[in-house]
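Trainee: So that we are looking at the same thing, I have put the structure below in structure tokens.
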Amino acid sequence: MFSERINRIQPSATLEMTAKAAELRKQGIDVLNLSVGEPDFNTPQNIIDAAKKAIDLGHTKYTPGAGILELKEAACYKLKRDNHLDYNPENIIVSCGGKHSLYNACQVLFEKGDEVIIFKPYWVSFPDFVSVTGATPVFVNTIAKKQYEPDFSDLKNKITSKTKAIIINSPSNPTGGVWSDQAILETLEIANKNDLWVFSDECYEQLVYDGDFKSIATFQNEKEKILTFQSCSKTYSMTGWRIGYTAGNIELIKAMSKLQGQSTSCPNSIAQYAAVEALSGDQSTVSSMSNIFNKRRELIVNGLNSIEGIKCEKPNGAFYVFPDIKSFIGKKFNGKVINSSSDFSLQLLKDKYVVTVSGDAFGSADNIRFSYATSEQIIQKMLQRLKEFCFAIK
Ligand SMILES: Cc1ncc(COP(=O)(O)O)c(C=O)c1O
């Protein structure tokens with residue numbers, strides 16, 4: 001009945017877990033939700049005020065399809081201020097969140113017969129963005145101990161004459177890994193040699209804890225085939241406002257704008273004015289949120305590593321940890337065999353009311369993802385429950 005296209009994609013596993021948590025909470029259960037992919041802070045007041053002002057001023061109508069000029073200019077200003085990148089408004093398209101930007105770019109560039117490199121573990125949506133176009137996602141291994149940088153021999157092996165692009169996401173969801181300069185340079189060299197498009201999903205760029213973030217497009221002068229995707233969602237705790245933007249090649253930005261004009265018309269007008277304030281106004285909340293996340297990172301990584309059987313790398317960015325729970329697979333909890341990370345995650349939910357996302361959803365069968373975008377108190381409670389759960393696995 002439905003198109004072949006829609007059968008090619010899966011529902012979002014992370015959104016499914018969020019829905020499960022909400023269901024249990026409705027029943028009055030003390031659920032600890034560590035599956036959330038958004039900051040637990042309010043949107044900063046200056047941004048909220050800018051939105052209210054936009055309403056009062058009557059900015060409540062359709063805007064140009066690719067976004068208002070003020071916001072494109074604010075994005076250029078931000079890219080220069082924070083990332084040392086020079087772009088003009090013609091290089092920018094504003095979309096309904098980073099997810100929409102990435103979706104649009106895949107639609108514009110990929111089709112049946114193309115192959116697109118995705119590093120594993122990957123953000124849940126990347127394979128589906130590629131598959132829905134008819135192109136084939138090709139997965140490349142990474143090295144957990146090295147912040148999930150590429151396994152370069154695997155990368156070289158996976159490139160064929162059909163490879164059209166590489167999708168990079170550093171800092172990464174689900175691992176929190178941040179690639180070194182060396183890893184980025186090596187990846188770009190391979191991309192250039194094979195004339196590939198490079199997608200750099202930088203939605204967690206402001207959440208890097210040890211050292212500074214460097215945008216991938218700053219690594220070379222020639223950036224015609226590099227697309228930089230950023231978003232207001234995580235940086236300004238604006239996930240529900242749905243504003244993301246892409247910087248890149250003018251012709252590609254025009255093509256994305258054409259598609260957007262025939263799908264959503266334009267991003268929300270009020271949210272766009274709020275985003276101008278987010279990108280160009282007071283930035284103090286960005287570092288205060290990041291400092292809080294950093295403290296929680298210490299707490300959760302140390303706590304997880306203190307539980308026998310769990311191994312957790314210390315990621316350098318985002319607000320996720322991706323511990324290895326392989327030692328429990330094949331063992332029993334309450335007489336039931338845990339066959340996969342999905343079983344582990346579901347049992348943990350059923351027995352201890354702790355919500356996580358299993359690694360299977362991210363292409364990694366031995367891990368589960370915890371988001372630490374939640375209070376220290378909840379992290380501590382979760383660690384206690386997890387310890388009891390793991391202790392009971394025999
Ligand atoms: C890696 C990654 N990219 C993009 C997004 C999209 O975020 P948004 O559409 O809210 O900008 C997310 C959200 O979870 C993400 O984790």
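Trainee: Identify, please: which residue in segment 203-221 is among the charged types (D, E, K, R) and farther than 18 Å from Pro150 by Cα and is, among those, nearest to the ligand (Cβ to nearest atom)?
Mentor: Of everything passing the filter in segment 203-221, Glu205 is nearest to the ligand (Cβ to nearest atom).
Trainee: Can you find even one residue in segment 218-233 that is in contact (Cβ under 8 Å) with a residue 60 or more places away in the chain, closer than 14 Å to Gly317 by Cα and in contact with a helix residue (DSSP H, G or I) (Cβ under 8 Å, 6 or more places away or on another chain)?
Mentor: No, that holds for no residue.
Trainee: Right, here's the next one. Limited to segment 86-130, what total is found for residues that are within 16 Å of the ligand (Cβ to nearest atom) and touching a residue at least 40 places away in the same chain (Cβ under 8 Å)?
Mentor: The number of residues fulfilling the criteria is 27.
Trainee: So, in segment 1-25, of the ones that are in a loop (DSSP other than H, G, I, E, B) and surrounded by 12 or more Cβ atoms within 10 Å (Cβ to Cβ), which residue ends up modelled with the lowest pLDDT?
Mentor: Per the criteria, the residue is Ser12.
Trainee: Working only within segment 143-202, note down all residues that are away from the ligand (no atom under 16 Å from the Cβ) and among the small types (Gly, Ala, Ser).
Mentor: Ala144, Ser153, Ser161, Ser180, Ala183, Ala191
Trainee: Given the criterion of a type in the set (Gly, Ala, Ser), modelled with pLDDT of 95 or more and more than 24 Å from the chain's Cα centre (by Cα), identify the matching residue among Ala66, Ala105, Ala54.
Mentor: Unique residue meeting the criteria: Ala54.
Trainee: Pick out the one residue from Ile68, Ile55 that is surrounded by 15 or more Cβ atoms within 10 Å (Cβ to Cβ) and either out of contact with any Asp or Glu (no Cβ under 8 Å at 6 or more places or on another chain) or not hydroxyl-bearing (Ser, Thr, Tyr) (or both).
Mentor: Criteria check complete, one pass: Ile68.
Trainee: Just the residues that are farther than 24 Å from Lys234 by Cα and crowded, with 22+ Cβ neighbours inside 10 Å, please, taken from segment 141-162.
Mentor: Thr142, Pro150
Trainee: Look at segment 296-352 and say how many of its residues are in a helix (DSSP H, G or I) and of a type outside the set (A, V, I, L, M, F, W, C).
Mentor: 16
Trainee: Something else: Checking the structure you have, find out if any residue of segment 72-82 is buried (at least 20 other Cβ atoms within 10 Å of the Cβ), touching a residue at least 60 places away in the same chain (Cβ under 8 Å), more than 21 Å from the chain's Cα centre (by Cα) and farther than 25 Å from Gln220 by Cβ.
Mentor: Looking for residues that are buried (at least 20 other Cβ atoms within 10 Å of the Cβ), touching a residue at least 60 places away in the same chain (Cβ under 8 Å), more than 21 Å from the chain's Cα centre (by Cα) and farther than 25 Å from Gln220 by Cβ, one finds at least one in segment 72-82, hence yes.
Trainee: Of the conditions (1) under 22 Å from the mean Cα position of the chain (by Cα); (2) surrounded by 17 or more Cβ atoms within 10 Å (Cβ to Cβ); (3) of a type outside the set (D, E, K, R), Ser287 clears all except one; give me its number.
Mentor: Every condition holds for Ser287 apart from (2).
Trainee: In segment 26-80, which residue that is aliphatic (A, V, I, L, M) and assigned to a loop (DSSP other than H, G, I, E, B) is farthest from Asn268 (Cα to Cα)?
Mentor: Out of the qualifying residues, it is Ile29.
Trainee: Just give me the residues in segment 175-212 being outside any loop (DSSP other than H, G, I, E, B) and touching a residue at least 60 places away in the same chain (Cβ under 8 Å), in sequence order.
Mentor: Correct list: Trp197, Phe199, Asp201, Val208.
Trainee: What are the residues in segment 374-394 that are over 29 Å from the mean Cα position of the chain (by Cα) and surrounded by 13 or more Cβ atoms within 10 Å (Cβ to Cβ), if any?
Mentor: Ala392, Ile393 - these are the residues of segment 374-394 that are over 29 Å from the mean Cα position of the chain (by Cα) and surrounded by 13 or more Cβ atoms within 10 Å (Cβ to Cβ).
Trainee: Quickly run through segment 108-127 and pick out the residues that are within 16 Å of the chain's Cα centre (by Cα) and more than 24 Å from Gly65 (Cβ to Cβ).
Mentor: The answer is Ile118, Phe119, Lys120, Pro121, Tyr122, Trp123, Val124, Phe126, Pro127.
Trainee: In addition: Out of segment 233-266, which residues are in a loop (DSSP other than H, G, I, E, B) and either more than 11 Å from the ligand (Cβ to nearest atom) or at positive phi (or both)?
Mentor: Hits for segment 233-266 are Ser237, Arg242, Gly248, Asn249, Gln262, Ser263, Thr264, Ser265, Cys266.
Trainee: Looking at this structure, is Lys112 over 30 Å from Ile300 (Cα atoms), charged (D, E, K, R), touching a strand residue (DSSP E or B) at 6+ places or on another chain (Cβ under 9 Å) and surrounded by fewer than 20 Cβ atoms within 10 Å (Cβ to Cβ)?
Mentor: When the stated conditions are applied, Lys112 passes them.
The values are calculated or read from the model by the stated rules, or taken from the named source; none is laboratory data. This is a predicted model, so every value here is computed, not measured. Cβ atoms come from the backbone with ideal geometry, glycine included; neighbour counts cover every protein chain shown.
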